[in-house]
Amino acid sequence: MDLLDRLAEPGLDLLGRVDTLLAAGAPEGHRVWPLLRRMQVLPGDAMRGFLDLRPGPLATAGHAVRRHVHGYDHACAALTDPLLWSGSAAMAYGQSRAALLRHLDEGPESLVGRLEATAGYADALADWVEGSRLAVARALAEAIGSAEAVAVVAATSVRRGAPDSGASGSVGVAAAEIGARVLAVLCVAYDGAETLLRQWSPSLAESPWRPGGGRFRPDAGGGPAGGRTTRVGW
């Protein structure tokens, strides 16, 4: 349980009240409006969705992906065993083997390179979730302890006069301020996620199979290297 978990209950209660007031409108020209238009959701609903983000599953996924690299290591080791035969068939096999080794584990576009990038992306997302939850928790703690929170709770607990509880009244301003603080931090958090996706996308692209040069077609009359296939060591 982190700080955001501990603040979730009082925070959601406050933001639910804020949502109720914002549903009736917000002061004209207030900074909450562009945030509402961008997020397309009220602060309480936005917070409920964000609370489901946890770093643990993403970190676990990164570790799980890295475990698959060992399987590719074994496959590459088998492909690098020395050949005990020669001739056109051996040359054809050697060419295919070299291409397969490059595809498996040679550079960032290989299968191992993509696995490591996928694991790295999962780790980066886990770090983003952890850091974002802390930033949101701090904003929520500030909102809960603010004078605006006192006004919002009082207004939504006891009926008040229309002039004060309207969108342009002091309570409407208080609700808009709390909503803006929370939505602003959530916007920054989601911007971070989009930045990560842009940074990692090239490394997460499909790794297509690119066989090497021309293919050898060994036959009884010999291949490109000339001569028949000869087995050695039998």
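Couple of notes before you dig in:
- Of the residues Gly120, Gly29, Gly44, the one that moves most in a GNM of the chain with alpha-carbon contacts below 10 Å is Gly29.
- Of the residues His74, His103, ranked by 1.4 Å probe accessible area with the largest first, the sequence reads His74, His103.
- Shape summary of region 1-81, radius of gyration then Dmax from alpha carbon positions: 22.7, 74 Å.
- In degrees, nearest ten, helix 88-105 long axis to first principal axis of the chain (Cα): 20 degrees
- Principal semi-axes in Å for region 28-175 [√(5λ), Cα gyration tensor, largest first]: 62, 15, 9
- Taking the longest Cα principal axis of the chain as reference, the axis of helix 111-144 is set at about 10 degrees.
- Dipole orientation for the chain: of the candidates Gln40, Ala64, Leu7, Ala64 has the Cα lying most toward the positive pole (charges on Cβ; Lys, Arg +1; Asp, Glu -1).
- Assuming charge only on the beta carbon of Lys and Arg (+1) and of Asp and Glu (-1), the dipole of region 24-100 about its Cα centre is about 220 debye to the nearest 20.
- Residue order by solvent-accessible surface for Met39, Met91 is Met91, Met39, largest first, with ligands and nucleic acids left out and a 1.4 Å probe.
- In this view, the solvent-accessible surface of Asp105, computed with a 1.4 Å probe and all protein chains in place, comes to about 70 Å².
- Given charges at beta-carbon only (K, R positive; D, E negative), |dipole| of the chain in Debye: 800 debye
- Using a probe of 1.4 angstrom and keeping all protein chains present, the accessible surface of the chain works out to 57 square angstrom per residue.
- Working from Cα pairs under 8 Å separated by at least six residues, relative contact order for the chain is 36 percent.
- Solvent-accessible area, 1.4 Å probe, carbon plus sulfur percent, for the chain: 58 percent
- With Cα atoms, 0 to 90° folded angle of helix 147-157 axis to the chain main axis: 70 degrees
- Dipole check for region 59-119: with +1 at the C-beta of Lys and Arg, -1 at the C-beta of Asp and Glu, and the Cα centre as origin, the magnitude is about 100 Debye.
The values are calculated or read from the model by the stated rules, or taken from the named source; none is laboratory data. These figures come from a predicted structure and were not determined experimentally. Reconstructed Cβ throughout: ideal geometry from the backbone, glycine too, with neighbour counts over all protein chains shown. Please note that ligands, DNA and RNA were not included when accessible areas were found on the heavy atoms of the full protein model with its side chains. Shrake-Rupley method; radii C 1.70, N 1.55, O 1.52, S 1.80 Å.
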